1. Mind checking which residues of the stretch 80-101 are part of a loop (DSSP other than H, G, I, E, B) and without any contact (Cβ under 8 Å) to a residue 12 or more places away in the chain?
2. Got a number for residues in the stretch 477-502 being of a type in the set (A, V, I, L, M, F, W, C), touching a residue at least 40 places away in the same chain (Cβ under 8 Å) and not in a helix (DSSP H, G or I)?
3. If you go through the stretch 66-101 one residue at a time, how many are in contact with a Leu (Cβ under 9 Å, 6 or more places away or on another chain) and either of a type in the set (A, V, I, L, M, F, W, C) or open to solvent by 50 Å² or more (accessible area, probe 1.4 Å) (or both)?
4. In the stretch 333-361, what residues are part of a helix (DSSP H, G or I), at pLDDT 95 or above and of a type in the set (S, T, N, Q)?
5. Output the residue which, of all residues in the stretch 433-454 that are of a type in the set (D, E) and out of contact with any Cys (no Cβ under 9 Å at 6 or more places or on another chain), is farthest from R383 (Cα to Cα).
6. If we scan the stretch 8-18, do we find a residue that is surrounded by 12 or more Cβ atoms within 10 Å (Cβ to Cβ), modelled with pLDDT of 70 or more and assigned to a helix (DSSP H, G or I)?
7. Taking the stretch 450-462 on its own, how many of its residues are touching a Gly at 6+ places or on another chain (Cβ under 7 Å) and open to solvent by 100 Å² or more (accessible area, probe 1.4 Å)?
8. Which condition breaks for Y319 when tested against (1) without any contact (Cβ under 8 Å) to a residue 12 or more places away in the chain; (2) within 23 Å of the chain's Cα centre (by Cα)?
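The values are calculated or read from the model by the stated rules, or taken from the named source; none is laboratory data. Quick caveat, the model's predicted, so the values are computed rather than measured. Note: ideal-geometry Cβ built from the backbone for every residue, glycine included; neighbour counts use all protein chains shown. Calculation scope for accessible area: heavy atoms of the full protein, side chains included, ligands and nucleic acids excluded. Shrake-Rupley method; radii C 1.70, N 1.55, O 1.52, S 1.80 Å.
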Amino acid sequence: MKSRYNHILMLLGAILAFIPIIAVDYLLDGYVRVREKDVAQQSISAITSQVEINTNDAISALRRIMTDSPSLCTPTFVANVQHEIESSLTMKQVLVENRDGVQYCDAFGRTVAYSPVSASLPVPGHSETMTVVKLADMAMPVLKITQAFGDTRRISAFVPLIGQTTGALANGLSPAALLRFMLTDGTAILTVGDPTAFDRRTSSTDFVYAQAFAGELPLLAETAVPFAMVRASYADLDASFTIVGCLMSASFLLMALQYVRRTRVPAFDLERAVANGEIKPYYQPVINLKTGDLVGCEVLCRWEKKNGDVVPPGAFIDYAEVTGLAIPMTLSLMEQVKVDLGVLCKTMPDMKISINLFEGHFRDSSIVEDVQAIFGGSSINFRQLVFEITERRPLGNSMQANSVIAGLHALGCRLAMDDAGTGHSNLAYLQTLGLDIIKIDRVFVDMIKPDTTQVPVLDGLIAMSRDLNCEIIAEGVETEAQALYLRARGVLHAQGYIFAPALKAPAYKELALALQSSKQPRRPAEGVVAAAA
């Protein structure tokens, strides 16, 4: 019986040994798709980035002209226009006309011949509008950037879409490739190459495709090249992969014959790292936006390898969750937090420490017992602890999850919803969890620009948090404009690089004590950055 079993294993091993050879084409196809997709994406992103830069330069030039010119079509105005055109690499003409198209003056004292190709579209975040036009005998479409001057007059700058000829663009493309520009309303404004095959494609795998928007402009560029054309250029690599596949097959067959004893290779060697205490806590300060005081921190983890390399959590957190290593890793972090911040928490009894929990922590009540065992009787009071639940992944057993949350609340700990607005949760779901804090994800904070007056999605999250009677913490605050916007809408607490990155324990304690010792009355109207300093 054992002999028969061994023969079956050897047969399976022999069959599996040929998988690398069979998989060569599949793997190479995947490699080619990923690599060429990346190349195409970088290329199209570079093109759209240049379009955005040229457009913003034209907008800035128009504003300088209007600022420096007391009125339009005067010698001073014309001189300012000519100076801006001479200083620009892309701007070709500046025109003053009325809303009916009657031309008053331009940079060179002649009639400007142009015809619109598209409707006039707003430029998000700016008062200017954008129209695609054909200018004189230029083959390349031109962006007409227009700013109103009073009720009747308009001043416009003309900027070519791309600073190359269509012939030069075509020469830079692969055979049978396509480059196309269109507005977000669907108007096609420039096509280089034949789009017929691409528009009639039957599968998304027929082409290597990439697209990019020109920043906030209502302009989309896309590029596509037949996958068969790209794949043909990898013939040499195909042969090399086949040789490698044969070697791998031979090696696998030898390993199958020797009955590999060790079959489990822990990815990233994370289990050893947790056991050896290489997963270290870093502390990102949470700041009061009105007073600049330090109110607490979020515990983030880093993998500090023995060779000095520091691995960010994004490289191993998902693996830790899948394998269950997130649970012992969290316990290790809590033990280190107790040692790192015990004395500081006694000195600053109002300081809050946020610790991330994972979905696996809510499958049974052991996390409640662990928290009680680690922090019970320590210098860190339970009411100083905040446990964060990520919204990116749903909690499996809602009844058990509610039991864990109730147990943590019973100890005096608080619960926070991390990454709010990015996951599956709705208002009704959040209400059932009994949350104390809503943490607004940085993706919404990033929507705040220097001139932003309203961010509907962010404002809706803030309103939702108030409806739930939850405290709000904003994550990823990196600019003073973001901090001021949040503070104006009643968000009191925030964390982000404008204040400090995640710090090692000594640096965090030094910052906390320095801020505490420098406390003095400050006016609420002071800038957040000045207050935090």
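1. First pass over the stretch 80-101, keeping only residues part of a loop (DSSP other than H, G, I, E, B): 88-92, 99-101.
Selection gives D100, G101.
2. Step one: of the stretch 477-502, the residues of a type in the set (A, V, I, L, M, F, W, C) are 477, 481, 483-484, 486, 488, 491-492, 494, 498-500, 502.
After this cut, where a residue has to be touching a residue at least 40 places away in the same chain (Cβ under 8 Å) as well, the list is 483-484, 486, 491-492, 494, 499-500, 502.
Those left that are additionally not in a helix (DSSP H, G or I): 491-492, 494, 499-500, 502.
Qualifying residue count for the region: 6.
3. First, pick out the residues of the stretch 66-101 that are in contact with a Leu (Cβ under 9 Å, 6 or more places away or on another chain): 66, 84, 92-94, 96.
After this cut, where a residue has to be either of a type in the set (A, V, I, L, M, F, W, C) or open to solvent by 50 Å² or more (accessible area, probe 1.4 Å) (or both) as well, the list is 66, 92, 94, 96.
Count: 4.
4. Listed by number, the list holds a single entry, Q336.
5. Filtering the stretch 433-454 for residues of a type in the set (D, E) gives 436, 441, 446, 451.
After this cut, where a residue has to be out of contact with any Cys (no Cβ under 9 Å at 6 or more places or on another chain) as well, the list is 441, 446, 451.
Details: D441: 24, D446: 31, D451: 39 Å.
Looking at residues that are of a type in the set (D, E) and out of contact with any Cys (no Cβ under 9 Å at 6 or more places or on another chain), I get D451.
6. Our first condition is that a residue be surrounded by 12 or more Cβ atoms within 10 Å (Cβ to Cβ); within the stretch 8-18, this holds for 9-10, 13-14, 16-18.
From what's left, modelled with pLDDT of 70 or more: none.
Among the residues of the stretch 8-18, not one is surrounded by 12 or more Cβ atoms within 10 Å (Cβ to Cβ), modelled with pLDDT of 70 or more and assigned to a helix (DSSP H, G or I), which makes the answer no.
7. 1
8. Condition (1) is where Y319 drops out.
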